[in-house]
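What follows is a short report on a single structure.
The values are calculated or read from the model by the stated rules, or taken from the named source; none is laboratory data. Note that this is a predicted model, so its numbers are computed, not measured. Cβ sites come from the backbone with ideal geometry, for glycine too, and all protein chains shown count toward neighbours. All accessible areas refer to the heavy atoms of the entire protein, side chains included, with ligands and DNA or RNA removed. Shrake-Rupley method; radii C 1.70, N 1.55, O 1.52, S 1.80 Å.
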Amino acid sequence: MTDTPAIELKGISKAFGPVQANKDISIRVMPGTIHGIIGENGAGKSTLMSILYGFYKADAGEIFIGGRKTEIPDSQAAIRAGIGMVFQHFKLVQNFTVLENVILGAEEGGLLRPSLSKARGVLKKLADDYELRVDPNALIEDLSVGHQQRVEILKALYREADILILDEPTGVLTPAEADHLFRILRGLRDEGKTIVLITHKLREIMEITDTVSVMRRGEMVATVETARSNPSELAELMVGRKVLLRVDKAPAQPGRPILEIENLSHTDASGVQRLRDVSLTVRAGEIVGIAGVSGNGQSELLEVLGGMATATGSVRLNGHEIPLTGRKADGKTRRAQGIAHVPEDRQHEGLIMRFHAWENIAFGYHHDDRYGRGTLMDNVALRRDAEDKMKRYDVRPPDPWLEARNFSGGNQQKIVLAREIERDPEVLLVGQPTRGVDIGAIEFIHQEIVRLRDKGKAILLVSVELDEILGLADRIAVMFDGRIMGERLPSETDQRELGLLMAGVTEAPAGSGLDAVEESLRDKERREAARHD
Amino acid sequence: DPALIYDLGGKFDKSFNEAAFNGAQRWAEETGGEFRDIEIQSEAQREQALRRFAENGFNPVVTTGFSYSTIIANVAPDYPDTKFVTIDGYVDPEAHPNVLSILFSEHEGSFLVGMLAAMASESGTVGFVGGMDIPLIRKFACGYAQGVKAVNADATIISNMTGTTPAAWNDPVKGSELAKAQISQGADVIFAAAGGTGLGVLQTAADEGILSIGVDSNQNYLHPGSVLTSMLKRVDVAVYEAMSAGEELETGVQVLGLAEEGVGYALDENNAELIGDEMQAAVNEAQAKIIDGEITVHDYTSDDSCPALTF
Amino acid sequence: MNRMPAWADAVLVPLISILLAAILSALVILAIGENPVAAFSLMVEGALMRSTGWGYTLYYATNFTFTGLAVAVAFHARMFNIGGEGQAMIGGLGVALVALYIPWPHWTLALAGATLAGGLFGAAWAFIPAWLQATRGSHIVITTIMFNFIAAALLNYVLVNLMRPVGAMEPASATFPPATHLPTFQDMFAFGGTLFRGSPANVTFFLAVLACIAVWLLIWRTRLGYEIRAFGHSDTAARYAGISTVRITVLAMLISGALAGLMGLNTTMGEAERLVLNATEGAGFIGIAVALMGRSHPVGVFLAALLFGFLYQGGAELALWTDIPRELITVIQALVILFTGALDNMVRMPLEAMFGALRARRGPKPKPTSPRD
Amino acid sequence: MDLATILQVLDSTVRLAIPLLLACLAGLFSERSGIIDIGLEGKMLIAAFFSAAVAFATGSVWLGMLAGIAASMVLSAIHGLASITFRGNQLISGVALNFLASGLTVMIAQVWFSEGGRTPSLMTGGRFSDIALPFAETLRPIPVLGPIYAELISGHSILVYVGFLMVPLTWWVLQRTRFGLRLRAVGEAPEAVDTAGVSVAGLRFAALAIAGLLCGLAGAYLATGLQAGFVREMTAGRGYIALAALIFAKWRPWYALGACLLFGFLQAIALRYQNIDLGAFTVPVQVMDALPYILTVVILAGFVGKAIPPRAGGQPYVKER
Ligand SMILES: Nc1ncnc2c1ncn2[C@@H]1O[C@H](COP(=O)(O)OP(=O)(O)OP(=O)(O)O)[C@@H](O)[C@H]1O
Ligand SMILES: Nc1ncnc2c1ncn2[C@@H]1O[C@H](COP(=O)(O)OP(=O)(O)OP(=O)(O)O)[C@@H](O)[C@H]1O
Ligand SMILES: [Mg+2]
Ligand SMILES: [Mg+2]
């Protein structure tokens, strides 16, 4: 190791209109280290890294790569300087193959064939060196998020990047996938590559980084050696106040069954069976958590219950059968029956991004009498209601006239939660409630869900965060390949056992649970690949 | 000063409106007078143009195209001192004493070129290409078909319309295809009454070495030696005379047929070699008979039917 | 955000854009050897300085308002209705049938009946493309283009073979009975004088204004409008909320088609007082430009329709009194559409920078904000 | 129907399909890059005019074609300026270009030639003549295949062969070259192209330039291949039909060939068989006239199903809001 930092930023500033995303930021990252960057939503982490990658242009400041002052006006320059970046939202062409995505922009000459065959070779080598296996001929849209991310990493390595930036890479990964990613990152570090990792998860910072920087409101507030710090100190630096790192809740008092699901099956538009005879009961006053690697039917379960998809089988709500097909099997009817739904994808499902906050507050409930009785909607009532709810849920800024897209992800989620929870539904379906949400907001969201439970309502929670499931749920069901593999109580299980169930293994074999998950994931992949041929 | 209002096809349509323009132009050159003209762009402008010209003292106000008749009937009473001329349109002369309706016997002219077509045809099959499917064009087609049958009762007449929208007047590519289709069905003379579309027909006829017949103006010069003749409709004469008469124009209804030399066929140096003496003789004889009333050519628009052709 | 004041965006940008279009048009007029100043003053004189000029401007504006609203409503549901032309034709057919074959005692009743018929016929013509889009995924752009051609053929058939009075030359229906004649502006406002004399603007104009208000209410005040907009922004979110794709697609297109169909009132019952073959004259296509320029908002649509009405009427005056070819008007329209509709950012960007600089000079930079403030 | 008639219809199909095909491929390049182009009609029209005008003035059809291409590319450049540089609305820009071409062509034609918005008729040399392929006449006597070769395959103008060649060429460019890969990517995910260090605007302008070129060929074919001069509005809505064909073809070159041939065929049939007499009644010409459009709707509803356009189509690429 030398004394020359691999990356040095001096006095970087960047404003988007009046929003000062980065303020006079300086930072040094030594080669062969993993450097973490943490900060609340909107702290300016992504902006800073996008500047380093030439995606945005800084208003002021200098960049030094390997000790040399470097101008990075565009991504091409960044690539030339040996920088690779894996964005928070992947920059992949969905209907291209892995190979095509990898060579895009780094082709060798005018014809594709030589580039493709070269890339095929390089990819094979990278796969062997770093455990980065993906089928080079698979289409991106058929890959799981974890694999898409591997493609992004491969893209960077294919361009021979020495510096790799990852923006919230684990936000969409399962624990096993995250573990796998970290193994890859460590491997890369040991090769001498420099890695910058943006994340919201303190556990990950502690687990993998060598040094860590904390950002708040566009400023760099501290850079410390990870080993000399601890999670609560970092959390405090981030938020500027003390935060609670685990869910604080009383034991559940389950009452009568509210939601009874029996033999629920669902086949999607492309003919793949996504749910296989799922049976599950949710009682009043309890939170049932569904754990599982994403893509094993949890999303479909929520969609069917929320009225977004049709199914066979039976679902009873308070003892009454609800229709699973036909015109009455839609979200509108479900809401009227008392089923509220916080969807997994708030940006494409839960909210209309171009609607004002006050319009979104009624979304799905816009037929409600409280918003006017005749044909016309009572917009004044709507706005009053919105102001009310936004204040109660501490949505920032509490301005009902702002469009949904202008709120940060965490605040968008609060709007959705306020809308669904404040209805006092019998059943709350909630998917990935804290995906991409910062620590401060997570704390609040968890409290609200628990509060609804304590009012005697039934809650079905789907999350890929095992921490969240373990902390929040009163009972855990694990899904694999469209089936419920088993139910456990959080007090009587651990990550390892759940991991096995998530991999479709019911009795424990020798060896670590996570390896088994890995193995079974690979298995699943092979099956899926076969299906696509 | 006189004013001239063209139909939607526009001043330079190489046929009907252009003939009107030529007539006005001749009048201007010969008398040194001036006239205003307008190419309208929309239906509503018909009435507007009439009123604006009348208000501003233009007299007479000449219009081309049957679409003006109804509107002139509305406008004329408001400007009793102005004389209106509708070419191709009919306005009741009793109710509107300040309107002159000029009608052409296109069927008679078409009859003559039909005869020529039949005589020039070696295959016994002749074609007709119309523009948009409207009664006026059927009138052309019907007269033409009767002329053909008069010479050769066994002749086949292939009749096609280009389309049903105004675009049908400006689609020479379709005109070409129609001509080619008719040629492939044996036609060796094709009469095109289709505005700009007709140019495609004439072109293809020239390219494929068959004969074509132009319409309205004399189009013989477009492809010398290939255009057999043109069915003349002397709109130019009508306009010239209306403008020459000026404010003293006699109103009422004029029907310009063969007798009045309002319609006819074109003979000039471009097609002299195509039309032999006996052809000329036969046609002239028929012309005389029509004028005498010995032959009556059925007018499609009189009862919306045609004895020689089905639509 | 580096936004300029709302008034500047709403007023300054379009004004400067129109100015640019005017300057370019002037250059074109110069190039063909005419005097642009004279030409423009003739247009303004003819279209805005005389009551009959206004009568024509508003007549055209009525047409464009209806077709513009039609396109706008479909846009809100993220559908591109290119079929306004065909729907207007068929709407006109509906109007004509009702006006001709029902003995109306008074024009008010006739207007009500014809409004219903025009709307229904236009809606019906939009129904098949809408239904195919909703249930079969057949792209509405293609199907509506096809339905324009089919409508033209149908109308041609009906007029040439069925509705044309025997012996008449023109492919047009008989003139409507006097009881159905709508009061023109002259009838309403002239009181025997020459105000609006002979100009075609008629009560339908007020219907168009009402339609603007109705569309505004529909889109921003009703639940259906809420659902249409939600569906237009995100169909997955609509599914989440239980908004039926088929229902919204079909309803939005029915409304759109009905609005286009209502244009037939103005041309057929208001102006020609009979059904003529090319009564729509491309107003369906102008409607696209009008809706886009008006940003799919009824007020914007109305203003854009007025602008185009002015261009049409001003163009007619040019054609009357100068030797400028009528195609010049088309060129001017193209330039107006281009500058106000597509190149508006060319004006907006420098303006934004200018306002930003102004603000910076006037006060201290606004305090950097961040979401957590 | 005998062989000769079938050949005639197919021959006509080819002629009617080629302008559609060229315009359709132009639209394909543009829309695959994420720029919706409803200005195909206008580009074709202006190319038709300038190719005829310059061919008349110089007597060279090739110079005419180049002029047509140049004019069409100028419209493409305006479209690019509006929709790429200034992130304007692509639909409006296209509509405006159609109006512009419709007005400018007639206006300039009138100023230059005073023939009422037409160009004078072109003589040989100013027109593309039909090429007889080798041995066309020698092989003609061979039954079936002879006439097919001599009538259908041989005897078209060079642009017809160019048009057909464009199909595999387009496919090859899209699927086999670096440019094609980037072009497809920029229509699907411009941010992926941008972060890979390739200019989004550059690619899109290139695509529009190609679209301009192809529309130029289409216009030149109309005015100097099929016809001998320009007539106002002579494209007669073919740009819109090409657009429909493009959607029909799901934005793929070989499908585009199929779609355009189908449209051409339906039109050829409709032109040939008007007034079909069914004994009891005669099918009116209007039905035959509308038949291609009716059949398109039927086919679309029955067989084609949902067409998924390039994902980034119609939206300007914006990095910073
Ligand atoms: N393209 C953009 N246009 C305008 N403002 C932007 C843009 N990107 C980011 N911002 C603003 O810059 C600020 C910093 O955003 P940035 O995405 O860098 O935050 P972050 O720390 O990465 O947040 P997160 O943890 O949620 O990813 C935010 O307030 C955001 O509003
Ligand atoms: N177009 C915009 N106009 C105004 N403000 C915006 C705009 N886009 C983003 N913002 C501001 O950016 C802030 C953060 O938005 P951003 O999309 O960057 O979320 P984020 O920081 O990534 O948060 P999360 O991690 O929760 O998704 C919000 O507070 C919002 O006010
Ligand atoms: Mg970020
Ligand atoms: Mg974020």
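Ranking C:Met4, A:Gly431, B:Val255 by Cα position along the charge dipole of the protein assembly as shown, where only Lys, Arg, Asp and Glu carry charges on their C-beta atoms, puts A:Gly431 farthest toward the positive end. Number of Lys-Lys pairs in chain B with C-alpha atoms under 21 Å apart and a separation of 8 or more places or on different chains: 9. Partner lysines whose Cα lies under 29 Å from the Cα of A:Lys457, excluding those fewer than 8 positions away in the same chain, are identified as A:Lys249, A:Lys328, A:Lys332, A:Lys389, A:Lys391, A:Lys414. Taking all protein chains into account, the per residue accessible area for chain A stands at 40 Å² (1.4 Å probe).
When the trypsin sites (Lys or Arg not before Pro) in the range A:31-71 are filtered for DSSP coil states and for at most 14 other beta-carbon atoms within 10 Å of their beta-carbon, the remaining sites are A:Lys57. Accessible surface buried by the B/D pair amounts to about 2600 Å², both sides summed, 1.4 Å probe.
For helix B:135-151, report the angle its Cα long axis makes with the longest principal axis of the Cα atoms of chain B; keep it between 0 and 90° and round to the nearest 10°. Relative to chain B, helix B:135-151 is tipped by roughly 40 degrees. Relative to the dominant Cα principal axis of chain A, helix A:409-421 is inclined by about 10°.
Specify the residue with the greatest mean-square fluctuation among B:Val297, B:Val215, B:Val227, computed from a Gaussian network of chain B linking alpha-carbon atoms under 10 Å apart. Comparing B:Val297, B:Val215, B:Val227 in a Gaussian network model of chain B, the most mobile one is B:Val297. Close amide H contacts of C:Asn202 (hydrogens built in the peptide plane, cut-off under 5 Å, sequence separation of 5 or more or a different chain): C:Phe185.
Spatially close Lys pairs in the range A:7-239, defined by Cα atoms under 19 Å apart and a spacing of eight or more places or different chains, total 21.
Across the residues of D:232-240, average count of Cβ atoms on other protein chains within 10 Å?
On the way: counts 8, 6, 10, 4, 13, 6, 2, 0, 7.
The mean count of partner-chain Cβ atoms within 10 Å per residue comes to 6.
Helix A:175-190 and the longest principal axis of the Cα set of chain A meet at an angle near 10°.
Buried accessible surface for the C/D chain pair comes to about 3800 Å², total over both chains, computed with a 1.4 Å probe.
If you filter the range A:374-430 for chymotrypsin sites (Phe, Trp or Tyr not before Pro), then keep DSSP loop positions with at most 16 other Cβ within 10 Å, what is left? Can you show the working numbers first?
Values: sites: A:Tyr393, A:Trp401, A:Phe407; in loops: A:Tyr393, A:Trp401, A:Phe407.
In loop regions of the range A:374-430 (DSSP not H, G, I, E or B), the sparsely surrounded chymotrypsin sites (Phe, Trp or Tyr not before Pro) are A:Trp401.
Inter-part distance, the range B:53-71 to the range D:20-95, computed on C-alpha centroids, equals 40 Å.
Can you give the direction-averaged projected area of the convex hull of the alpha-carbon atoms in the range B:58-193, in nm²?
Numbers: hull surface 38.3 nm².
It is 9.6 nm².
Per residue of peptide C:276-284, the mean number of Cβ atoms on other chains within 10 Å of the residue Cβ is 4.
Taking Rh as the Kirkwood radius computed over C-alpha pairs, what is the Stokes-Einstein D of the range A:7-239 at 4 °C in a medium of viscosity 1.567 mPa s, expressed in µm² per second?
Working: Rh = 18.1 Å.
In µm²/s, the coefficient is 72.
In loop segments of the range A:174-231 as defined by DSSP, the GluC sites (Glu not before Pro) with at most 15 further C-beta atoms inside 10 Å of their C-beta are A:Glu191.
If you add up the charges near D:Val61, with Lys and Arg at +1 and Asp and Glu at -1, over every other residue whose beta carbon is less than 13 angstrom from its beta carbon, what do you get?
Working: positive: D:Arg127; negative: D:Asp130.
Cβ neighbours under 13 Å give a net charge of 0.
Considering only the other residues whose Cβ falls under 12 Å of the Cβ of A:Ala329, what net charge follows from Lys and Arg at +1 and Asp and Glu at -1?
Values: positive: A:Arg327, A:Lys328, A:Lys332, A:Arg334, C:Arg239; negative: A:Glu303, A:Glu321, A:Asp330.
Here the charged neighbours net out to +2.
What the range C:35-322 shows is 30 Å² of accessible area per residue, with the surface traced by a 1.4 Å probe over protein heavy atoms.
Distances between placed amide hydrogens fall under 5 Å for A:His366 paired with no residue 5 or more residues away or on another chain.
Please list the three semi-axes, largest first and in whole Å, of the ellipsoid equivalent to the range C:35-322, using sqrt of 5 times the eigenvalues of its alpha carbon gyration tensor.
Values: eigenvalues 197, 109, 61 Å².
Each semi-axis is the square root of five times an eigenvalue, giving 31, 23, 17 Å.
GNM on chain C, alpha-carbon springs under 10 angstrom: the most fluctuating residue among C:Thr144, C:Thr245, C:Thr67 is C:Thr245. Across all Cα atoms of chain A, the radius of gyration (one decimal) and Dmax (whole number) stand at 24.0, 74 Å.
Ranked by the mean number of other Cβ atoms within 10 Å of their residues, highest first, the peptides A:93-100, D:243-250, C:341-348 fall in the order D:243-250, C:341-348, A:93-100. Taking every alpha-carbon pair within the range A:350-424, the share separated by more than 22 Å comes to 13 percent. Dividing the alpha-carbon Rg of the range D:1-141 by 2.2 N^0.38 Å yields what? Cα Rg divided by the expected 2.2 N^0.38 Å: 1.27. Would you tally the net charge around C:Thr67, using a Cβ to Cβ cut-off of less than 13 Å, leaving C:Thr67 out, and scoring K and R as +1, D and E as -1? Summing Lys/Arg as +1 and Asp/Glu as -1 gives -2. In the range B:44-79, burial by the other protein chains removes 50 Å² or more of 1.4 Å probe accessible surface, compared with the chain on its own, from B:Ala44, B:Gln48, B:Arg52, B:Phe66, B:Thr70. Where is the GNM fluctuation largest for chain D (alpha-carbon springs, 10 angstrom cutoff): D:Glu151, D:Glu188, D:Glu137? Comparing D:Glu151, D:Glu188, D:Glu137 in the GNM, the peak value goes to D:Glu137. Averaged over the residues of peptide A:100-107, the number of Cβ atoms from other protein chains lying within 10 Å of each residue's Cβ is 6.
As a rough guide to protection, the peptides B:199-209, D:14-24 ranked by mean Cβ packing within 10 Å, highest first, stand as D:14-24, B:199-209. Overall, the accessible surface of the range C:35-322 at a probe of 1.4 angstrom is composed of carbon and sulfur to the extent of 72 percent.
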